[in-house]
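These notes are about the structure you will find just below.
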Amino acid sequence: MQESGSFSEIAGDLRARLLEGMSDNRLTPRQRQQMGNALAMIGDPRFREDRWFLPDEPDLGFVHIPEGPCALGENADEVFLPGFYIARFQTTVAQFRAFVTDAEFSPGNPECLRGVDNHPVPWVNWFEALAYTKWLGNRLQELAKEHPGGDSAESRALWAGLADGSLQCSLPSEAEWQKAAVGDSGWAYPWGDDIDTTRCNYKESELDSTVAVGTFPEGASPYGVLDMSGNAWDWQRTVWGPSLEEPLYDWPYKAEDGRENIDAPSDLLRCMRGGGFPVEAARASSRYRDAVKPEDRDDADSFRVVLTPRR
């Protein structure tokens with residue numbers, strides 16, 4: 001959006017005020033939601049239109065998660081994970097719309113494109129989420145081949161890995177998601193073991209809808225990843241199994257046992273993590289596992305992207 005003269009200054013000041021208010025925990029969740037919605041209407045400056053509305057950051061919003069242990073399951077079994085990168089925010093409506101336009105993709109439910117631009121994209125099933133990651137991976141590889149690299153070792157590795165194909169764009173595994181959410185802390189939530197409405201959007205927030213991504217910086221994970229509890233569910237690439245009542249793949253976590261097969265039969269449920277705006281505290285916990293048919297979709301179903309070593 002082109003702006004000139006005093007209008008540009010006024011718009012810039014308004015955006016700054018809305019961003020500040022949106023993340024102010026002294027305000028009610030409703031007030032914060034309204035500020036985020038207003039920000040979307042005048043153009044959220046956190047995102048770049050010329051980069052498919054990814055975050056306006058040197059690494060386009062991807063956060064490095066270092067290699068190391070992660071505790072998973074009821075017995076907190078330790079699993080070693082290689083380093084990877086995860087999106088700071090969930091995929092937004094504007095980002096998904098950029099994909100639909102560029103790839104000439106037809107989503108199964110057009111409601112996914114009618115939400116607020118800076119909210120997590122809703123009404124997306126697992127196959128559509130995966131299609132977005134494949135498209136984005138191709139676009140990022142094209143960009144990386146012309147990119148000079150970042151200032152840090154992690155940033156240089158990101159752009160080099162995208163350029164040579166050693167990093168692939170996908171949905172997170174349960175293990176990757178868990179580590180990005182709580183690190184090795186063992187917490188129930190990204191910030192600790194207690195939940196309240198200043199840190200995330202869940203049932204007690206009484207909003208009955210999503211909010212702009214990043215509205216709750218107090219809810220950041222140890223790595224600075226946002227909205228890992230509440231707001232909208234995150235699709236995982238991990239297979240659950242054929243029946244919701246009993247997972248085919250349970251704990252302890254073994255990545256090589258078939259649960260991370262991206263080409264598993266389509267009648268197998270896929271995992272979801274993080275909870276959404278309608279859920280109670282227990283289901284917003286990082287320890288809670290849900291499973292959904294990959295063809296299903298809901299107004300609280302969304303996803304985020306990882307860049308992970310190619311297997």
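The values are calculated or read from the model by the stated rules, or taken from the named source; none is laboratory data. As the structure is a prediction and not an experimental result, all values here were calculated from the model. As a convention, Cβ positions derive from the backbone with ideal geometry for all residues, glycine included, and neighbour counts pool all protein chains shown.
Taking the residues in region 250-282 that are basic (Lys, Arg) and within 20 Å of ASP184 (Cα to Cα) as candidates, determine which candidate is surrounded by the fewest Cβ atoms within 10 Å (Cβ to Cβ). Spell out the reasoning first.
Of all residues in region 250-282, those basic (Lys, Arg) come to 254, 259, 270, 273.
Those left that are additionally within 20 Å of ASP184 (Cα to Cα): 254, 273.
Working: LYS254: 13, ARG273: 22.
Within region 250-282, the match that is surrounded by the fewest Cβ atoms within 10 Å (Cβ to Cβ) is LYS254.
From the list GLU154, GLU142, pick out the single residue that is surrounded by fewer than 18 Cβ atoms within 10 Å (Cβ to Cβ), touching a strand residue (DSSP E or B) at 6+ places or on another chain (Cβ under 7 Å), assigned to a helix (DSSP H, G or I) and modelled with pLDDT of 95 or more. Break it down into steps so the answer makes sense when it comes.
On the way: GLU142 fails: touching a strand residue (DSSP E or B) at 6+ places or on another chain (Cβ under 7 Å).
Just one listed residue meets the conditions, GLU154.
Residue under question is GLY61, and the condition is that it be over 19 Å from ALA188 (Cα atoms), in contact with a Lys or Arg (Cβ under 6 Å, 6 or more places away or on another chain), at pLDDT 95 or above and not aromatic (Phe, Trp, Tyr); does it hold?
yes
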task: Output the qualifying pairs, or none if there are none: Cβ atoms under 8 angstrom, residues six or more apart or on different chains, first residue in region 19-44 and at negative phi, second residue assigned to a helix (DSSP H, G or I) and surrounded by fewer than 17 Cβ atoms within 10 Å (Cβ to Cβ).
output: GLY21/GLN31; SER23/PRO217; ASN25/GLU218; ILE42/ALA11; ILE42/LEU14
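Scan region 48-79 residue by residue and report those that are in a strand (DSSP E or B) and of a type in the set (Asp, Glu).
So in region 48-79, the residues in a strand (DSSP E or B) come out as 48, 54-55, 62-65, 68-72, 77-79.
ASP77, GLU78, listed by residue number.
Okay, residues lined up against (1) over 24 Å from TYR202 (Cα atoms); (2) of a type in the set (Ser, Thr, Tyr); (3) touching a strand residue (DSSP E or B) at 6+ places or on another chain (Cβ under 7 Å):
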site	(1), (2), (3)
GLY219	no, no, no
GLY230	no, no, no
TYR249	yes, yes, yes
TYR253	yes, yes, yes
GLU256	yes, no, no
task: Examine region 170-186 for a residue that is at pLDDT 95 or above, surrounded by fewer than 18 Cβ atoms within 10 Å (Cβ to Cβ) and not aliphatic (A, V, I, L, M), and state whether such a residue exists.
output: no
- prompt: When both residues are 6+ apart or on different chains and their Cβ atoms are under 6 Å apart, which pairs have a first residue that lies in region 254-274 and is among the β-branched types (Val, Ile, Thr), and a second that is surrounded by 19 or more Cβ atoms within 10 Å (Cβ to Cβ)?
  reply: ILE262/ARG237
field: Cβ-Cβ under 6 Å pairs, at least 6 apart or on other chains, region 225-239 side farther than 22 Å from ILE262 by Cα and assigned to a loop (DSSP other than H, G, I, E, B), far side among the charged types (D, E, K, R) and modelled with pLDDT of 95 or more
entry: VAL225/ARG88; LEU226/ARG88
- line: Picked from region 216-259 (must be at pLDDT 95 or above and of a type in the set (Lys, Arg)), the residue farthest from SER302 (Cα to Cα) is ARG259
message: Among the residues of region 261-274, are any over 19 Å from the mean Cα position of the chain (by Cα) and not in a loop (DSSP other than H, G, I, E, B)?
response: yes
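Quick check: anything in region 216-225 crowded, with 16+ Cβ neighbours inside 10 Å, in contact with a Gly (Cβ under 6 Å, 6 or more places away or on another chain) and either hydroxyl-bearing (Ser, Thr, Tyr) or closer than 22 Å to VAL93 by Cβ (or both)? Outline the logic, then answer.
The first filter runs over region 216-225 and keeps only residues crowded, with 16+ Cβ neighbours inside 10 Å, leaving 216, 219-223, 225.
Applying the additional criterion that residues be in contact with a Gly (Cβ under 6 Å, 6 or more places away or on another chain) yields 222.
Imposing the further condition that a residue be either hydroxyl-bearing (Ser, Thr, Tyr) or closer than 22 Å to VAL93 by Cβ (or both) reduces the set to none.
No, that holds for no residue.
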field: Selection within region 154-205 - acidic (Asp, Glu) and under 29 Å from GLU218 (Cβ atoms)
entry: GLU154, GLU174, GLU176, ASP184, ASP193, ASP194, ASP196, GLU204
